[in-house]
Amino acid sequence: MARQDLLALTPDDLIALSNRGIVKRAQRESESGETGAQIEEDSAGNVLARWPDGARCRIPAREALSEDCCTCAATAICRHLVGTILGYQRLAAAGQRRQRAEPESWDPGAISDEALAACFTARQLAALRQQFESGLVVELHRGPRPRARLHNLAHSIRFLVVGDARYTRCDCADAAPCSHVPLSVWAFRLLPPERAAGLVSTARETAAAPVRLLDGLDQALEQVLDRGIAELPDPLARRLERLENECRRADMVWPAEILLELIEQRRQYETHDARFSPAQVATLIGELAIRADAARYPQQTVPPMFIRGSSAECGARMGNSRLIGLGTSVELRHGSVVLAACLQDAATGVVVALTREFANPKPGDAAPSLAQLARTAVFQGAGMGDVGSGQILIHGGKRSPNGEFRPGRSRGALNPQNFQWEQLRPPVFAEGFEELMEHQRLLPHPCLRPRRLTENLHVCPIAAIERPAFHAREQRVEAILRDSQGNSATLLHPYHSRGREGVEALLHHLAKSRLVFVAGKTGLGPQGLSIAPTGLVFDDGGGRWMLQPWIGADAVAATGQLAAEQAASAEAPLRRHMGELLELLGELALVGRARASGRLWQDLRDQSKALGLVHMPRFIEPASALTLCALVVFALFDGQM
């Protein structure tokens, strides 16, 4: 009887179990008949292979594939084992043994407890069951290659062979099958059978909402809006600090982080820091109001861990790590610019960001370009551009709850990387756009997601580019990207006068160079899946290299596609209206309700009615400022990348 587990392994599965170079070499040898290996199967289903170089492979019928199956000196799945599997598949095809057809979809929840008991001890399963019932949030996808993302544990796992728990690929460091297999199998059993994908929470009981603390948050926010940041009394400021500490003790990490940012905004106002932004104060108040309201209803479909955060999100110390640069993102704020180099820990797959905020120059002074800011030393004398395109060998450091990397005085070295992004860890690395689309469809509104700096950052291989162009109306670069399956995503990169060099370089290389990988923040919009790139890896035959479009300063000729810098973006009327409301709320948050401009409120109320908004106009008044903050922030965040 043919070994269906070996016949079911595809080249992509073998790449996941070993690496791309080994599989390609084994494929060439198998197709040309150069291996010389003698492959046979005994009556018990054990596959045996004798290689000309003396290596012997034995793949037992009831054991997981491992490096121990070969006698060579390799410490991982070697070319002998890959070649044995490929050779066995060719022999099976030549012997007209029917290879099991690839199923359209299957459910790992059907893997029995007996099958799990064959891979794990009773003590291991008991400990894992206790961890499972303590409460995990798991994102599940049924399909030909089902997968599970354990959000609490920051690990992702794929099931490669139907009904076989031994053949799995997890981004943890443990050998397959790892401890995350039973957790994922049990989670799949909670997903209703009629659903192909979903988010499930494994907690037996949902924790009660901290009503007293949530009431205190609402009262404090109302008082901030009453008095305004400009006249905020010290007792109220100290109350915000106490609420932050109470939130952390109540395992409400994200509300605590918002309060911390609100306290920092007040400090910036008092010190006349140019980075202070009234609109940012209103945004923080609105997001906090949304999360506090959602936290009152823990039985809803959005996992409480997304809304509130958890102790797992608390900052952690980092030991010896190799951090691989995935490009640089830019956030343009009122009075400042924030650059963030995104990095993945090669050992754990965790993604962090090294950030630096630069205050805008005084009025009348020339503003440095983003490329110039990226050359400012931020780590070991290197600029943000070098960090985003290189790799850091770090000996210590800290990771904040929102994923910010703080090296402190830790020793470290910055080196170039070879951009072998095939070896990046999932779920950051995605094999195609369909996987990213399915992930995005399951996510809640951005206001109710984890507040990590690198949230929704992904890397995907690219097979083709179509129609790269600069669109003058939207003031951005657009291009259609296609993966190896033909699925598409839209690359979107906005134009800014301080980042003109990067936009020119992006347009040039999208048209002239071969793109192999794109890294960026993904989202869903009217055009489907969209990617805001942080870094693009090209290969023109002489080696791979990266372009970081926000901070790129390439020596290329101007494309002539950019509109004049003075050209105004044709912003949608509804979004423009929400932006004006946010500015008004920022003024109120600065000076307080009593001094808010009454006439402007009436004008915006009339404008809201003219746009056809039914419920919004009745909240456009100082008395409803907290609710209005939440509504405006919810609308502005909706559909953001």
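Structure above, values below:
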{"quantity": "Highest average packing first - 133-139, 68-74, Cβ atoms within 10 Å", "calculated": "133-139, 68-74"}
{"quantity": "Ratio of Rg to Rh over the range 433-547 (Cα coordinates, Kirkwood Rh, two decimals)", "calculated": "0.96"}
{"quantity": "DSSP-loop GluC sites (Glu not before Pro) across the range 170-228, with at most 13 other Cβ within 10 angstrom", "calculated": "Glu194, Glu205"}
{"quantity": "Likely footprinting exposure, Leu81, Leu507, fewest C-beta neighbours within 10 Å first", "calculated": "Leu507, Leu81"}
{"quantity": "Residue among Ala74, Val633, Trp106 farthest towards the positive dipole end of the chain, charges placed on Cβ", "calculated": "Ala74"}
{"quantity": "Taking Ser184, Ser497, Ser66, Ser32 and counting other C-beta atoms within 10 Å, the order from fewest to most", "calculated": "Ser32, Ser497, Ser66, Ser184"}
{"quantity": "Tensor-based shape of the range 4-94 (alpha-carbon gyration tensor, a/c under 1.5 rounded, otherwise prolate or oblate)", "calculated": "rounded"}
{"quantity": "Within the chain, helix-based [θ] at 222 nm, where runs of 4 or more DSSP H residues each add -39,500 (n - 2.57), nearest 500", "calculated": "-10500 deg cm²/dmol"}
{"quantity": "Rounded D (µm²/s) - the range 104-236, Kirkwood Rh over Cα pairs, Stokes-Einstein at 20 °C, 1.002 mPa s", "calculated": "125 µm²/s"}
{"quantity": "The range 325-378: C-alpha gyration tensor shape, a/c 1.5 cut-off, then a/b vs b/c", "calculated": "prolate"}
{"quantity": "Residues whose placed amide H lies under 5 Å from that of Thr534, excluding near-sequence neighbours", "calculated": "Ala519, Gly520, Lys521"}
{"quantity": "Packing rank of 84-92, 109-117, where each peptide gets the mean count of other beta carbons within 10 Å, highest leading", "calculated": "84-92, 109-117"}
{"quantity": "P(r) weight above 33 Å for the chain, C-alpha pairs, percent", "calculated": "53 percent"}
{"quantity": "Shape box of the range 258-400 [Cα atoms, principal axes, largest first, Å]", "calculated": "48, 46, 23"}
{"quantity": "With Cα atoms, 0 to 90° folded angle of helix 211-227 axis to the chain main axis", "calculated": "40 degrees"}
{"quantity": "Cα-based helix-to-principal-axis angle, 234-249 vs the chain, degrees rounded to 10", "calculated": "20 degrees"}
{"quantity": "About the Cα centre, charge dipole magnitude for the range 316-415 (Lys/Arg +1, Asp/Glu -1 at Cβ), debye", "calculated": "340 debye"}
{"quantity": "Tilt relative to the chain, helix 79-94 - C-alpha long axis, 0 to 90 degrees, to 10", "calculated": "70 degrees"}
{"quantity": "Alpha carbon centroid spacing (whole Å) that separates the range 598-615 from the range 344-397", "calculated": "42 Å"}
{"quantity": "Protection proxy ranking, peptides 464-476, 434-446, average beta carbon neighbours within 10 Å, highest first", "calculated": "434-446, 464-476"}
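None of the figures in this text is laboratory data; all of them are computed from the coordinates on show. Keep in mind that what you see is a predicted model, and the values were worked out from it rather than measured. Virtual Cβ from ideal backbone geometry, glycine too; neighbours counted across all protein chains shown.
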